[in-house]
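What follows draws every value from the coordinates through simple rules; no lab data is involved. Note that the coordinates shown come from a computational prediction; the quantities given were computed from them, not determined experimentally. Positions of Cβ are backbone-derived with ideal geometry, glycine not excepted, and every protein chain shown enters the neighbour counts.
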Amino acid sequence: MLRIKDILKEIEKLAPIPLQESFDNSGVQAGDVSQKATGALLCLDITETVVDEAIELGYNLIIAHHPLLFKPFKSLTGSNYIERCVMKACKYDLVLYAAHTNLDNAVKGVNYRLAELLGLQNVRTLSPKKGNLLKLVTFVPEESVEMSPFHRY
């Protein structure tokens, strides 16, 4: 049984969250990632139409390039489309996920692919991010994995 967290792990192998810019809010925006995945809808921006389409198709994961949420709510009343999208996503157990500047900055990500499509040669990163990625390998008993503070999903 494929869970949403399994799909997100694969996305984050390609586009690790630490690659996002400081202003960004990539990653899980709303929802329970431990649920079984019923389908995923890909989009550039999450809109009410996109949320409605996911519900109509029976999909419970929306993967967007641009984050829906950039700043915290002071209230959640449905007074704008962002609040309405979040409220409906919660009501229908949808997970909202964004892969924005982390995907832009990934080694074979959006910017790389655009350069490739434009036929650019000698492509290199103009402003490489330094010190953001660190590989740490640790071993714990299998029954203790969920208790680890480093366990993301």
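Before rounding to the nearest 500, sum -39500 (n - 2.57) across all DSSP H runs of length at least 4 in the chain and divide by the residue total; then give [θ] at 222 nm in deg cm²/dmol.
Values: 5 runs with 45 residues, N = 153.
The helix-only estimate for the chain comes to -8500 deg cm²/dmol at 222 nm.
Name the long-range amide H neighbours of residue 3: under 5 Å, sequence gap of 5 or more, or other chain; modelled H, no Pro or chain starts.
Under 5 Å from the amide H of residue 3 lie the amide H atoms of 37, each far enough along the sequence or on another chain.
Give me a comma-separated list of calculated 3J(HN,Hα) values for segment 15-21, in order, Karplus coefficients 6.51, -1.76, 1.60 applied at θ = phi - 60°, integers in Hz, x for any Gly or Pro.
Whole-Hz 3J(HN,Hα) from phi for segment 15-21: 10, x, 3, x, 7, 5, 6.
Peptides 117-124, 99-106: what's the order by average Cβ count within 10 Å, highest mean first? All intermediate terms of the calculation are to be shown ahead of the outcome.
Working: 117-124: 7.9, 99-106: 22.6.
So the order, starting with the most tightly packed, is 99-106, 117-124.
Hey, what do the phi angles of segment 95-112 turn into as Karplus ³J(HN,Hα) couplings, whole Hz, using 6.51/-1.76/1.60 and θ = phi - 60°, x for Gly and Pro?
9, 9, 9, 10, 10, 9, 5, 5, 6, 4, 8, 5, 3, 10, x, 4, 5, 4
With an 8 Å Cα cut-off and a minimum separation of 6 or more residues, compute the relative contact order for segment 4-147 in percent. Before the final figure, lay out the partial values.
Numbers: 202 pairs, mean separation 43.6, N = 144.
Over segment 4-147, the number comes to 30 percent.
Residues in segment 7-30, backbone N under 20 Å from the label point at residue 117 (7 Å along the Cα-to-beta-carbon vector): list them, ranges by number please.
Only 14-15 pass the distance filter.
Do me a favour and compute the ellipsoid semi-axes for the chain from its Cα gyration tensor, root of five times each eigenvalue, largest one first, whole Å. Walk me through the intermediate numbers first.
Details: eigenvalues 144, 104, 48 Å².
After diagonalising the Cα gyration tensor, the semi-axes are 27, 23, 16 Å.
For segment 1-73, which chymotrypsin sites (Phe, Trp or Tyr not before Pro) pass both filters: DSSP loop (anything but H, G, I, E, B) and at most 14 other C-beta atoms within 10 Å? Please report the intermediate quantities before stating the final value.
Values: sites: 23, 59, 70, 73; in loops: 23, 59, 70, 73.
Within segment 1-73, the qualifying chymotrypsin sites (Phe, Trp or Tyr not before Pro) (loop, at most 14 other Cβ atoms within 10 Å) are 23, 70, 73.
Report the Stokes-Einstein translational diffusion coefficient (µm² s⁻¹, integer) for segment 77-118, Rh taken as the Kirkwood radius over Cα pairs, at 20 °C with viscosity 1.002 mPa s. It would help to have the intermediate numbers written out before the result.
Details: Rh = 12.5 Å.
Here the translational diffusion coefficient equals 171 µm²/s.
In the chain, if the dipole is taken from +1 on Lys/Arg beta carbons and -1 on Asp/Glu beta carbons about the Cα centre, which of 29, 139, 125 is farthest to the positive end?
Toward the positive end, the furthest listed residue is 125.
State the number of lysine pairs found in the chain whose Cα atoms come within less than 24 Å, restricting to pairs 8 or more positions apart or on distinct chains.
The number of close lysine pairs in the chain is 27.
How far is it, in nm, from the label point at residue 145 to the one at residue 36 when both lie 7 Å from their Cα along the line to the Cβ?
Modelled inter-label distance: 2.0 nm.
Please give the charge dipole size of the chain, origin at the Cα centre, charges +1 on K and R Cβ atoms and -1 on D and E Cβ atoms. Round to the nearest 20 debye.
On the way: 17 positive and 18 negative charges, 102 e Å.
In total the dipole reaches around 480 debye.
Tell me, what HN-Hα J-couplings in whole Hz come from the Karplus equation 6.51 cos²θ - 1.76 cosθ + 1.60 at θ = phi - 60° for each residue of segment 74-81, using x for Gly and Pro?
For segment 74-81, the Karplus curve yields 9, 8, 9, 10, x, 6, 9, 5 Hz.
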